[in-house]
Amino acid sequence: MKMFLLFSVIGLLSACVPVSDSNRPIRTPKDVERYNATITNEGNKLVCERERVLGSNLPQFVCMTVSQRERLARDASDTIQSLRPGVPDS
């Protein structure tokens, strides 16, 4: 019992240790701006939006890089085209 209490206290105290700026999770538009200010490649910059994720009514802050968003759009377009037989690619 004493060991459990000791580990519980250590766990709680370690959760209170401040996290450095470089490891800080991105949760706000200001965090996105700070991160993007350090990035030189446009494809690696973050684009974040509040979205309702499937299965939840609570909006979440969802972030993707510009490259990830472009690839997702391209994959979705390819999937739609593959489901439409006889429609020529544009």
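Extents of the stretch 21-83, largest first, come to 45, 33, 15 Å (Cα atoms, principal axes, whole angstrom). Shown in residue order for the stretch 75-85 are the 3J(HN,Hα) couplings computed by the Karplus curve 6.51 cos²θ - 1.76 cosθ + 1.60 at θ = phi - 60°: 5, 5, 5, 4, 5, 4, 4, 6, 8, 10, x Hz (x for Gly and Pro). For the stretch 39-50, the Karplus equation 6.51 cos²θ - 1.76 cosθ + 1.60, evaluated at θ = phi - 60°, returns couplings of 9, 9, 7, 4, x, 9, 6, 8, 10, 10, 9, 7 Hz by residue, with Gly and Pro reported as x.
Charging the Cβ of each Asp and Glu at -1 and of each Lys and Arg at +1, and nothing else, the dipole of the stretch 21-83 about its Cα centre rounds to 200 debye.
Coordinate-derived values only; no laboratory data. Note that the structure is predicted; figures quoted are calculated from it, not measured. Note that we place each Cβ from the backbone using ideal geometry, even for glycine, and neighbour counts take in every protein chain shown.
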